[in-house]
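S.K.: Got a structure for you, questions after.
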């Protein structure tokens with residue numbers, strides 16, 4: 001197993017982001033269309049927050065959609081903004097940090113994604129799913 005692998009090897013670089021000007025309807029659409037659970041919130045390429053699918057679920061009837069995704073009127077989306085429900089000033093990591101260090105950070109906290117920055121500019125995101133996929137490939141390599 002590669003113990004000092006940098007997170008840049010496993011992070012998602014093709015980012016889906018939102019801005020503070022976007023609304024919660026757009027956020028919900030992005031989560032559903034892209035089958036993701038975390039979206040960095042940016043202002044001029046700088047991370048200002050993280051929004052998770054669970055954040056939306058806590059305030060909405062997101063789980064109430066039927067299989068055909070018929071939308072239920074959700075007035076709460078009109079009353080709140082992304083800025084009000086996102087995690088502000090999330091812990092950020094550098095792309096050279098090791099995967100092991102990322103695992104340590106995630107295991108000690110109650111979140112499942114970390115924004116990756118270079119010179120304070122968002123360049124990626126690493127999630128627990130990325131870590132699990134990486135570990136799975138390492139076990140597969142060990143079996144060969």
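S.K.: What's the angle, to the nearest 10 degrees (0 to 90), between helix 128-143's Cα axis and the longest principal axis of the chain?
M.R.: 30 degrees
S.K.: Taking Rg/Rh (Cα atoms, Kirkwood Rh) straight from the coordinates, which label in [x] 1.02; [y] 1.00; [z] 0.94 is the correct one?
M.R.: Here Rg/Rh (Cα atoms, Kirkwood Rh) agrees with entry [x].
S.K.: Quick check: the distance between the Cα centres of region 117-140 and region 1-58, to the nearest angstrom?
M.R.: Here the two parts' Cα centres lie 13 Å apart.
S.K.: Of the candidates 45, 104, 83, which one comes out as most mobile in a Gaussian network treatment of the chain with C-alpha springs shorter than 10 Å?
M.R.: 104
S.K.: Something else: Just to confirm the number: angle between the C-alpha axis of helix 24-34 and the first principal axis of the chain, 0 to 90 degrees, nearest 10?
M.R.: 50 degrees
No lab work stands behind these numbers, since they all come straight from the coordinates. Just so we're clear, the structure is a prediction, and the values are computed from it rather than from any experiment.
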